[in-house]
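Read through the structure below, which is laid out as structure tokens, and then see the notes.
Read-outs throughout are calculated quantities, based only on the coordinates presented, and are distinct from any laboratory measurement. Please read all numbers here as calculations on a predicted model, not as lab measurements. Here Cβ is always computed from backbone atoms with ideal geometry, including for glycine, and neighbour counts include all displayed protein chains.
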Amino acid sequence: MGLKEEIKEKAISIGFDLVGVSDLAKVEELEVLLKRGLKPPSKIFPEAKSLLILGVVIWDEAMNLSISNARADGNNEVGVYYNMYYEITETRAWRLIRWLSDEKGIKGVPTHKIHLKPAAMLAGLGFIGHNTQVVTEKYGPRVRFVGVLLNEEIAPDEPYSRDLCKEQKLCQENSRCVKACPYNAIIPGPSMGVPFGEKVLIDKCVVFQLPALNLEKRWEKFSRRVTDRGFLECTLCNLVCPYGKTVEEKIIPQKRGITI
């Protein structure tokens, strides 16, 4: 078994559901989006020679929990913002990195600060769907990703080449994800080739509004608030995707111990 296969096998045993090796050079060339806190890999780990993309299936909506706190200076803006799935994926990534260090002498750094969606597509894990989420064949868009930069060179996997949205009969006339958005935040049509910020309208997407300290009442209907500062992110565009039916029909009952 080669090193790549060993790493993938170990990642699965740690709890990841999808593993791929992206093209580090191509990810490095992607547009820098400082307004979203995204950086090229070289700015995060200058020693990086390869990039792993690791995915975890969201099989329970509680995994979409987000918490924001107010700024310490009293400014009416959001301070720190936590995502449950960020914590889950990064914690598991550190377990893989520790194994790589102890067993292989390889250094690694986990990150959510790179272009994870195109990186996942370059790693052969899925297609960027009409709602800008990575749609996978087995789990649909119900996957959250983390990148791991390594100082060891590992050959990238083949990029994902299928257009899953175009292939899906249920979405050929009107994309289900576009129709599902209660605020019409998703512009109809493919995401590929559309400049960042022009496919999902941030001022209409409820996920981007919920951390606000003074939230207008019109957003509360789909807020799924848990506490005054905690809420479950809106995932309506994920839940209607036909490719995610495996999660509902097999994975969720299995995880919850339900006999069908």
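Checking Cβ-Cβ separations below 4.7 Å across the chain identifies CYS165, CYS171, CYS181, CYS205, CYS234, CYS241 as cysteines lacking any candidate disulfide partner. One decimal place: the segment THR227-ASN214 gains 3.2 nm when fully extended, by the rule 0.36 nm per residue minus the C-alpha distance. Counting only DSSP H runs of at least 4 residues, each contributing -39500 (n - 2.57), and dividing by the residue count of the chain, the helix-based mean residue ellipticity at 222 nm comes to -6000 deg cm²/dmol.
Give me the percent relative contact order of the chain, please, defined on Cα pairs under 8 angstrom at least 6 residues apart.
On the way: 471 pairs, mean separation 57.4, N = 260.
With pairs under 8 Å counted, the relative contact order is 22 percent.
3J(HN,Hα) along the range 227-237, derived from phi through the Karplus expression 6.51 cos²θ - 1.76 cosθ + 1.60 where θ = phi - 60°, amounts to 9, 5, 10, x, 8, 8, 4, 5, 10, 4, 5 Hz, with x in place of Gly and Pro. Magnitude of the charge dipole for the range 3-256, about its Cα centre and with charges confined to Cβ atoms of Lys, Arg (+1) and Asp, Glu (-1), is about 620 debye. Sequentially through the range 157-168, phi angles give Karplus couplings (6.51, -1.76, 1.60; θ = phi - 60°) of 7, 6, x, 6, 10, 7, 9, 5, 5, 5, 6, 6 Hz, Gly and Pro residues having no value and appearing as x. Among GLY244, GLY129, GLY193, the largest mean-square fluctuation in a Gaussian network model of the chain, built with springs joining Cα atoms closer than 10 Å, belongs to GLY193. Looking at the square roots a ≥ b ≥ c of the eigenvalues of the Cα gyration tensor of the range 88-143, which shape do they give, rounded for a/c under 1.5, prolate if a/b is larger than b/c, or oblate? Taking the square roots of the gyration eigenvalues as a ≥ b ≥ c, the range 88-143 is prolate. Hey, how much of the P(r) for the chain falls beyond 26 Å, as a percent of Cα pairs? Across the chain, Cα pairs with separations above 26 Å total 44 percent.
Mind sorting ARG95, ARG225 by how few other Cβ atoms lie within 10 Å of their own Cβ, fewest first?
On the way: ARG95 15, ARG225 12.
Result, fewest neighbours first: ARG225, ARG95.
What FRET efficiency do you get for GLU198 and GLU167 if R0 is 25 Å and r is their Cβ-Cβ distance, rounded to the nearest 0.05? Efficiency, rounded to the nearest 0.05: 0.55.
Here THR91, THR111, THR136 are placed in order of increasing Cβ neighbour count within 10 Å, fewest first, which gives THR91, THR111, THR136. In order along the range 126-136, the Karplus-derived 3J(HN,Hα) couplings, from 6.51 cos²θ - 1.76 cosθ + 1.60 at θ = phi - 60°, round to x, 10, 7, x, 5, 9, 6, 7, 7, 8, 9 Hz, and Gly and Pro are given as x. Per-residue Cβ neighbour counts within 10 Å put MET192, MET84, MET121 in the sequence MET192, MET84, MET121, beginning with the fewest.
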